[in-house]
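Here is the structure we will look at, set down as C-alpha cells.
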Amino acid sequence: MDAKPCIDSLTVKSSHVLPPDTNSHGTLFGGRLMAYIDDVAAIAAVRHCRKPVVTASTDSVDFLQPVQEGDTICVEAFVTYTHNTSMEVFVKATTENLLSGDRKVCTTAFLSMVAVDDNNQPSNVPGVYPETEEEQWLHDGAKRRHEYRKERRKESKELAEKFGTKLPWKRNR
C-alpha cells in the first residue's frame, strides 16, 4: 500500500446551529458536537484507507468556546498518523457568527479509528505523510499520543475488570 498525503483525507462539515441543537443556555449541546466530531473523523479515516472503520478512542474534547444558536459550526478532520490498522485523526471545530463574520476555534480533538475487513477484524491501512508545517507538527507528536492511548486503554481495561457489571448501589451485606 502506498502512503498518502494527509490532505487526501480532509473532510469538512458545516451546520447551522438551530434551536433543537441547543441546551438551556442557547448553546450547542456538547454531545451534538461530539457526534459531529466522530462523524467527520470516520469519513476522513475511510477516505484514507477506503475500508470500513470503527472508533477506537477519542482523546479529551475540551470545549474552548461556546457555539451560539444561529451560528454555524464547521468541523474539519484529516488523518495525521497511521500504525498498522489504526489511524489518528485530528479534528478542529470552528464556530462562526454569520452576521459579524467572527470565527473562533471551539474545540480540537484526536480520535483513533481502526479499519476493519468484512469479518469486522482489524485490517491494514496505508501510511500517511505530512506536507505542511502544521501537518508535520501533528505527525511529530503522534507516536507519543499513540503510546499514551495504549496506556490509557490498559487502565480502562483494569477499571472494567475491577468494577465489572455490578451495580454500585447494590452492596454485598
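What follows is calculated from the coordinates using simple rules that are stated; it is not laboratory data. Treat the numbers as computed from the prediction; the structure is a model and nothing was measured. A quick note on method: Cβ atoms are made from the backbone with ideal geometry, for glycine too, and the neighbour counts reach across all protein chains shown.
Other residues whose C-beta falls under 15 angstrom from the C-beta of Thr85 contribute a net charge of +2, scoring Lys and Arg +1 and Asp and Glu -1. The spacing between region 1-48 and region 49-97, judged by their C-alpha centroids, is 6 Å.
One chain, two ends: Val54 and Lys154. Fully extended at 0.36 nm per residue, the span grows by 34.1 nm beyond their Cα-Cα distance.
Quick check: from the Cα gyration tensor, does region 1-122 come out rounded (a/c under 1.5), prolate or oblate? Since a/c reaches 1.5 and a/b is larger than b/c, the shape of region 1-122 is classed as prolate.
Neighbours of Thr72 by Cβ distance under 12 Å: Lys/Arg scored +1, Asp/Glu scored -1, total -2.
Close amide H contacts of Thr107 (hydrogens built in the peptide plane, cut-off under 5 Å, sequence separation of 5 or more or a different chain): Leu64, Ala93.
Starting from the Cα gyration tensor of region 73-173, take the square roots of the eigenvalues, sort them a ≥ b ≥ c, and report rounded, prolate or oblate (rounded when a/c is under 1.5, otherwise prolate if a/b is larger than b/c, else oblate). Oblate shape, in that a/c is at least 1.5 and b/c is the bigger or equal ratio. Amide H neighbours of Thr80 under 5 Å, at least 5 residues apart or on other chains, H built in the peptide plane: list them. Here Glu88, Val89, Phe90 satisfy the definition.
Restricting region 70-166 to GluC sites (Glu not before Pro) that sit in a DSSP loop and have at most 13 other Cβ atoms within 10 Å of their own Cβ leaves Glu131. 3J(HN,Hα) along region 61-69: 10, 9, 7, 8, 9, x, 10, 7, 4 Hz, from the Karplus curve 6.51 cos²θ - 1.76 cosθ + 1.60 with θ = phi - 60°, whole Hz, x for Gly and Pro. Counting neighbouring Cβ atoms within 10 Å and putting the fewest first, the residues Arg103, Arg149 line up as Arg103, Arg149. The H on the amide N of Lys4, modeled in the peptide plane, is under 5 Å from the matching H of Gly127, Val128, Tyr129, each at least 5 residues off or on a different chain. For region 4-163, the relative contact order comes to 25 percent (Cα pairs under 8 Å, sequence separation of at least 6).
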